[in-house]
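In what follows, a single structure is set out as structure tokens and then discussed.
The numbers here are math on the coordinates, done by the rules we state, and not lab data. Only a predicted model underlies this, so the values are computations on that prediction, with no experimental measurement involved. All Cβ positions, even for glycine, are placed from backbone atoms using ideal geometry, and neighbour counts span all protein chains on display.
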Amino acid sequence: MNERTLRVEDPEGNETDYEIIFTYTSERFEKSYVVFKEPGDSEELFVMEYVESSETGGDLRPVESDEEWDEIEAELEAFFDQEDEG
């Protein structure tokens, strides 16, 4: 596993590796988010709040509000625009 890989364990203990596309910390909401996808050609993106944890290394939680989604979408759009230019 490398620094661009996110390993997620489901409630049954099955582990799945995902490719991290983008991370973002919101000063407004004082939260961190991770955007990830399945490895390979998958175009479906997942967005979760990331909470650091000394016990598990980190926990993922669903995004809670429309305001959070609006901010994340704007940041993600800017990220992809920058990627297209570079």
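Structure data summary
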| read-out | value |
| --- | --- |
| Exposed-loop-free span, longest in the chain, where GluC sites (Glu not before Pro) count as exposed if DSSP calls them loop and at most 12 other C-beta atoms lie within 10 Å | 65-86 |
| Alpha carbon centroid spacing (whole Å) that separates region 34-86 from region 18-33 | 6 |
| Proxy reagent accessibility, fewest Cβ within 10 Å first, across Val63, Val35 | Val63, Val35 |
